[in-house]
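The values are calculated or read from the model by the stated rules, or taken from the named source; none is laboratory data. What you are looking at is a predicted structure, and each value in this text was computed from that prediction instead of being measured. Glycine gets a Cβ as well: all are built from the backbone with ideal geometry, and neighbour counts include every protein chain shown.
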Amino acid sequence: MKIRLENITKTFKTTTAVSNLSFTIEDGEMICLLGPSGCGKSTTLSMVAGLEQPTEGEIYFDDVPMSGVQAENRDIGMVFQNYALYPHMSVQDNILFPLKMHHVPKAQRRERLEKISNMLQIQELLHRKPGQLSGGQQQRVAIARALIKEPKILLLDEPFSNLDARLRIELRDDIRALQQKLKITTIFVTHDQEEAMSISDRILLMKNGVLQQYSTPQEMYRTPVNLFVASFLGNPPINKLPCTLRDGVITLPGINGWKPDALEPVFCGEVQEQAVLGVRPEDILVVTEGEHLTAQVAAIQTLGKEVYLRLHHGEHTLTACLSWDHDYSIGDTLKLKLRKCYLFPSEGGL
């Protein structure tokens with residue numbers, strides 16, 4: 001099912017949670033609503049679900065306006081952060097509850113239960129109570145309950161935030177495979193940029209209720225529209241260096257004889273004389289020859305196959321992400337070369 005939001009605004013008394021939001025989700029697409037806490041992600045999801053009504057604007061499902069259509073009549077399945085399972089019911093009864101409420105015949109209920117429990121690998125848990133399950137198992141049951149109705153839209157509100165890191169990776173891979181198999185239009189709310197980039201067809205990034213960028217993960221990472229987008233995506237985050245741009249020449253205070261503009265930086269927004277040079281940690285290379293920027297190693301963090309170096313040059317601090325093929329020591333002086341860099345307006349160009 002195709003979803004379209006047109007000029008959606010939601011206010012709570014004097015607070016505007018979502019401001020003039022417009023975007024389209026194609027049939028069978030999975031998008032992530034991404035952004036920091038309080039940016040309007042869950043409010044947007046609640047409006048799509050019918051749990052909240054927009055103050056202004058309209059939401060369309062396959063070009064049908066949803067104004068006045070109650071949540072139970074929108075053909076959606078929802079999965080929440082806290083699972084919301086009935087503790088006194090067995091797993092089987094929890095999953096079947098939506099079908100019983102809609103008076104689906106018993107034989108059809110049994111058939112759907114077998115199909116969805118096999119799909120989510122919870123066949124052996126059907127006669128247990130939720131209190132006897134691990135967090136990951138409870139989340140699978142919650143997903144099964146949402147999908148057994150065979151909804152046209154699946155809404156996921158930070159479903160993995162209560163799980164440990166390894167289990168989150170396993171479950172997000174499972175939910176992505178399941179979504180692609182069922183070809184169900186899905187909105188996934190998260191504040192975890194790695195989670196969003198790993199499973200979504202497109203990401204909608206928000207800040208203070210305002211849409212910042214709506215694009216594929218690759219496009220958002222490689223060509224951010226402003227400094228907020230560039231800073232939010234990437235771990236470690238992008239390096240930000242105040243600079244000036246005069247007659248096409250970039251100058252960084254306290255650094256002489258180094259011209260990063262030779263790289264032809266990517267311009268993000270309308271850059272004036274006062275600007276910010278953005279460099280992603282993985283775009284910093286250590287070289288042995290040539291006139292390049294020098295910096296001292298101030299801190300070292302090893303992470304498996306990669307090593308993060310915090311580097312100082314005068315008043316400037318950089319983080320570099322390098323392969324672990326060399327032993328670095330604190331105090332080492334390194335020559336650095338940039339593979340790619342970005343230029344932003346000094347105020348971020350929102």
Discussion item. Being surrounded by 15 or more Cβ atoms within 10 Å (Cβ to Cβ), at pLDDT 90 or above and touching a strand residue (DSSP E or B) at 6+ places or on another chain (Cβ under 8 Å) is true for just one of Tyr308, Tyr328. Which residue is that?
Written reply: Tyr308
Item to complete: Look through the stretch 48-73, keep the residues that are of a type outside the set (Val, Ile, Thr) and in contact (Cβ under 8 Å) with a residue 60 or more places away in the chain, and return whichever of them is farthest from Lys152 (Cα to Cα).
Response: Asp63
Item to complete: Hey, can you tell me all the residues within the stretch 70-87 that are of a type in the set (S, T, N, Q) and exposed (fewer than 14 other Cβ atoms within 10 Å of the Cβ)?
Response: Gln70, Asn73, Asn82
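Yes/no matrix, rows are residues, columns are (1) buried (at least 17 other Cβ atoms within 10 Å of the Cβ); (2) modelled with pLDDT of 95 or more:
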site: Ile199; (1), (2): yes, no
site: Met206; (1), (2): yes, yes
site: Gln212; (1), (2): yes, yes
site: Ser215; (1), (2): yes, yes
site: Thr223; (1), (2): no, no
site: Leu227; (1), (2): yes, no
site: Leu245; (1), (2): yes, no
Discussion item. Just checking: which of the strands (runs of 3 or more DSSP E) contained wholly in the stretch 200-246 hold 2 or more residues that are under 12 Å from the mean Cα position of the chain (by Cα) and within 23 Å of Ile175 (Cα to Cα)?
Written reply: 202-207, 210-215
Discussion item. Can you tell me which condition Pro36 does not meet? The list is (1) in a strand (DSSP E or B); (2) in contact (Cβ under 8 Å) with a residue 24 or more places away in the chain, and all the others hold.
Written reply: (1)
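For every residue, the table says whether it meets (1) touching a strand residue (DSSP E or B) at 6+ places or on another chain (Cβ under 8 Å); (2) at pLDDT 90 or above; (3) within 24 Å of Leu51 (Cβ to Cβ).
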site	(1), (2), (3)
Gln108	no, yes, no
Gly131	no, yes, no
Gly136	no, no, no
Gln139	yes, no, yes
Discussion item. Take the conditions in a strand (DSSP E or B), β-branched (Val, Ile, Thr) and farther than 26 Å from Ser161 by Cβ and apply them to Thr16. Does it pass?
Written reply: no
Discussion item. So, in the stretch 120-137, exactly how many residues are surrounded by fewer than 18 Cβ atoms within 10 Å (Cβ to Cβ) and either among the hydrophobic types (A, V, I, L, M, F, W, C) or assigned to a loop (DSSP other than H, G, I, E, B) (or both)?
Written reply: 5
Fill in: Number of the condition not met by Met1 [criteria: (1) touching a Ser or Thr at 6+ places or on another chain (Cβ under 7 Å); (2) farther than 19 Å from Lys149 by Cβ; (3) in a loop (DSSP other than H, G, I, E, B)]
(2)
Worksheet entry | Selection status of Asn7, assigned by TED's automatic domain parsing to the domain that holds Arg145 and modelled with pLDDT under 95 | no
Worksheet item: touching a helix residue (DSSP H, G or I) at 6+ places or on another chain (Cβ under 9 Å) and among the small types (Gly, Ala, Ser), is that true of Gly77?
Response: yes
Fill in: Residue check for Ser67: buried (at least 16 other Cβ atoms within 10 Å of the Cβ) and either modelled with pLDDT of 95 or more or polar (S, T, N, Q) (or both)
no
Practice prompt. Looking for whichever is in contact with an Asp or Glu (Cβ under 8 Å, 6 or more places away or on another chain), within 30 Å of Ala177 (Cβ to Cβ), not in a loop (DSSP other than H, G, I, E, B) and not small (Gly, Ala, Ser) here; the options are Ile8, Ile31. Which one fits?
Written response: Ile31
Discussion item. Every residue in the stretch 77-98 that is part of a helix (DSSP H, G or I), out of contact with any Phe, Trp or Tyr (no Cβ under 8 Å at 6 or more places or on another chain) and not polar (S, T, N, Q), please.
Written reply: Val91, Ile95, Leu96, Pro98
Worksheet item: What are the residue pairs meeting all of these: first residue in the stretch 136-151, first residue closer than 15 Å to Gln123 by Cβ, second residue of a type in the set (D, E, K, R), Cβ atoms under 7 Å, and 6 or more apart or on different chains?
Response: Ile148/Arg112
Item to complete: Scan the stretch 264-291 and report the pairs whose first residue is in contact (Cβ under 8 Å) with a residue 24 or more places away in the chain and whose second residue is among the β-branched types (Val, Ile, Thr), with Cβ atoms within less than 6 Å and a gap of 6+ or a chain change.
Response: Glu273/Thr244; Gly278/Ile238; Arg280/Ile238; Pro281/Thr319
